[in-house]
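Single-structure report; data block below.
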Amino acid sequence: AEWGIEGDAHAGNWHRQVSFLAEEVSAPAWRGISLKNPHIYAGPGAFGENILTRGINWQQVDVGGRIAIGEVELEVTQLGKPLHQENAILRLTGESVLPDHGVFTRVIHGGVVYAGDCGTYRF
(Lines give C-alpha, C1' and ligand atoms only; values in the text may rest on other atoms or scores of the structure.)
Protein backbone atom coordinates (compact mmCIF):
# COMPACT_ATOMS: atom_id res chain seq x y z
CA ALA A 1 0.00 0.00 0.00
CA GLU A 2 1.14 3.54 -0.72
CA TRP A 3 1.66 5.90 2.19
CA GLY A 4 0.71 9.43 1.12
CA ILE A 5 2.88 12.53 1.01
CA GLU A 6 6.33 12.02 2.46
CA GLY A 7 6.66 13.83 5.79
CA ASP A 8 2.97 14.79 5.98
CA ALA A 9 1.13 14.33 9.28
CA HIS A 10 -1.73 12.57 7.46
CA ALA A 11 0.46 10.05 5.65
CA GLY A 12 -0.16 6.48 6.69
CA ASN A 13 -2.16 3.38 6.06
CA TRP A 14 -5.61 4.95 5.98
CA HIS A 15 -8.18 6.50 3.63
CA ARG A 16 -7.27 10.22 3.92
CA GLN A 17 -3.65 10.23 2.75
CA VAL A 18 -3.89 13.22 0.38
CA SER A 19 -6.41 16.08 0.54
CA PHE A 20 -7.55 18.48 -2.16
CA LEU A 21 -9.19 21.88 -1.90
CA ALA A 22 -10.22 24.37 -4.59
CA GLU A 23 -8.57 27.78 -4.49
CA GLU A 24 -11.94 29.26 -5.50
CA VAL A 25 -13.28 28.12 -2.10
CA SER A 26 -10.24 28.78 0.06
CA ALA A 27 -9.19 32.24 -1.23
CA PRO A 28 -12.29 34.06 0.12
CA ALA A 29 -11.73 32.40 3.50
CA TRP A 30 -8.05 33.47 3.45
CA ARG A 31 -9.13 37.07 2.88
CA GLY A 32 -11.57 36.88 5.78
CA ILE A 33 -8.90 35.50 8.10
CA SER A 34 -6.40 38.18 7.05
CA LEU A 35 -8.93 40.92 7.75
CA LYS A 36 -9.76 39.53 11.20
CA ASN A 37 -6.18 38.83 12.24
CA PRO A 38 -3.31 39.84 9.95
CA HIS A 39 -0.86 37.94 12.18
CA ILE A 40 -2.29 34.54 11.20
CA TYR A 41 -0.98 32.92 8.01
CA ALA A 42 -3.78 32.62 5.49
CA GLY A 43 -2.73 31.08 2.19
CA PRO A 44 -2.07 27.73 0.51
CA GLY A 45 -1.97 24.95 3.09
CA ALA A 46 -3.59 27.05 5.83
CA PHE A 47 -6.56 24.69 6.03
CA GLY A 48 -4.41 21.56 6.05
CA GLU A 49 -4.97 20.72 2.39
CA ASN A 50 -2.16 18.98 0.56
CA ILE A 51 -3.04 20.03 -2.97
CA LEU A 52 -4.70 23.29 -3.93
CA THR A 53 -6.47 23.29 -7.30
CA ARG A 54 -7.97 25.78 -9.73
CA GLY A 55 -10.94 25.25 -12.01
CA ILE A 56 -12.18 21.99 -10.50
CA ASN A 57 -15.62 21.72 -8.92
CA TRP A 58 -14.93 19.13 -6.25
CA GLN A 59 -18.65 18.99 -5.46
CA GLN A 60 -19.09 17.00 -8.70
CA VAL A 61 -16.73 14.12 -7.89
CA ASP A 62 -17.76 10.79 -6.44
CA VAL A 63 -16.22 8.45 -3.90
CA GLY A 64 -14.38 5.81 -5.91
CA GLY A 65 -13.41 8.22 -8.69
CA ARG A 66 -9.76 8.37 -9.74
CA ILE A 67 -7.42 11.34 -10.03
CA ALA A 68 -4.25 11.06 -12.11
CA ILE A 69 -1.43 13.60 -11.86
CA GLY A 70 1.49 12.45 -13.96
CA GLU A 71 2.39 8.95 -12.79
CA VAL A 72 0.47 9.38 -9.52
CA GLU A 73 -2.98 7.82 -9.23
CA LEU A 74 -5.33 8.52 -6.33
CA GLU A 75 -8.76 7.19 -5.41
CA VAL A 76 -11.37 9.51 -3.91
CA THR A 77 -12.31 8.01 -0.55
CA GLN A 78 -14.22 10.79 1.23
CA LEU A 79 -15.99 14.05 0.44
CA GLY A 80 -15.79 16.53 3.30
CA LYS A 81 -15.32 15.50 6.91
CA PRO A 82 -16.96 16.05 10.27
CA LEU A 83 -16.20 19.41 11.83
CA HIS A 84 -15.03 19.07 15.41
CA GLN A 85 -14.92 22.03 17.77
CA GLU A 86 -11.42 20.99 18.83
CA ASN A 87 -10.31 21.46 15.20
CA ALA A 88 -7.02 23.38 15.54
CA ILE A 89 -7.49 25.31 12.28
CA LEU A 90 -11.00 26.39 13.26
CA ARG A 91 -9.83 27.40 16.72
CA LEU A 92 -6.93 29.45 15.35
CA THR A 93 -8.58 31.08 12.33
CA GLY A 94 -12.31 30.90 12.93
CA GLU A 95 -12.61 29.26 9.49
CA SER A 96 -12.40 25.69 8.25
CA VAL A 97 -13.37 24.77 4.70
CA LEU A 98 -12.19 21.16 4.45
CA PRO A 99 -15.28 19.83 6.29
CA ASP A 100 -17.58 21.10 3.52
CA HIS A 101 -15.29 21.34 0.51
CA GLY A 102 -12.34 19.01 1.02
CA VAL A 103 -11.79 15.89 -1.03
CA PHE A 104 -9.77 13.09 0.50
CA THR A 105 -7.92 10.37 -1.37
CA ARG A 106 -5.68 7.37 -0.93
CA VAL A 107 -2.68 6.72 -3.11
CA ILE A 108 -3.09 3.89 -5.63
CA HIS A 109 0.22 4.50 -7.40
CA GLY A 110 2.81 6.87 -6.00
CA GLY A 111 5.26 9.19 -7.68
CA VAL A 112 6.28 12.83 -7.72
CA VAL A 113 3.87 15.75 -8.21
CA TYR A 114 5.16 19.25 -8.92
CA ALA A 115 3.48 22.64 -8.51
CA GLY A 116 1.71 23.43 -11.76
CA ASP A 117 1.19 19.80 -12.80
CA CYS A 118 -2.12 19.09 -14.54
CA GLY A 119 -4.34 16.21 -13.58
CA THR A 120 -7.35 14.32 -14.83
CA TYR A 121 -10.38 12.88 -13.08
CA ARG A 122 -12.35 9.82 -14.12
CA PHE A 123 -15.49 8.38 -12.62
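Among the residues examined, Val72 qualifies as over 15 Å from the mean Cα position of the chain (by Cα) and either surrounded by 18 or more Cβ atoms within 10 Å (Cβ to Cβ) or in contact (Cβ under 8 Å) with a residue 12 or more places away in the chain (or both). Pairs linking a residue in region 34-51 that is within 12 Å of Val97 (Cβ to Cβ) to a residue that is part of a loop (DSSP other than H, G, I, E, B), with Cβ atoms under 7 Å and 6 or more positions apart or on different chains, are Phe47/Ser96; Phe47/Val97; Glu49/Gly102.
Identify all residues within region 3-39 that are part of a loop (DSSP other than H, G, I, E, B), of a type in the set (A, V, I, L, M) and exposed (fewer than 12 other Cβ atoms within 10 Å of the Cβ); write none if there are none. If you could, list the steps in order and put the result at the bottom.
Step one: of region 3-39, the residues part of a loop (DSSP other than H, G, I, E, B) are 3-17, 37-39.
Filter once more, keeping what is of a type in the set (A, V, I, L, M): 5, 9, 11.
Residue satisfying the conditions is Ala9 alone.
Just so you know, in region 71-107 the residues that are closer than 21 Å to Ile56 by Cα and of a type in the set (Val, Ile, Thr) include one that is modelled with the lowest pLDDT, and it is Val97. For region 51-92, filtered to residues that are assigned to a strand (DSSP E or B) and β-branched (Val, Ile, Thr), the residue that is nearest to His15 (Cα to Cα) is Thr77.
Annotation: Gly48 fulfils all but one of (1) under 20 Å from His10 (Cα atoms); (2) assigned to a helix (DSSP H, G or I); (3) of a type outside the set (D, E, K, R); the unmet one is (2). Close Cβ contacts (under 8 Å, 6 or more residues apart or on different chains) running from residues in region 95-123 that are in contact (Cβ under 8 Å) with a residue 24 or more places away in the chain and assigned to a loop (DSSP other than H, G, I, E, B) to residues that are surrounded by 19 or more Cβ atoms within 10 Å (Cβ to Cβ) and of a type in the set (S, T, N, Q) comprise Val97/Ser26; Gly102/Ser19.
The values are calculated or read from the model by the stated rules, or taken from the named source; none is laboratory data. In this text, all values refer to a predicted model and were calculated from it rather than measured experimentally. All Cβ positions, even for glycine, are placed from backbone atoms using ideal geometry, and neighbour counts span all protein chains on display.
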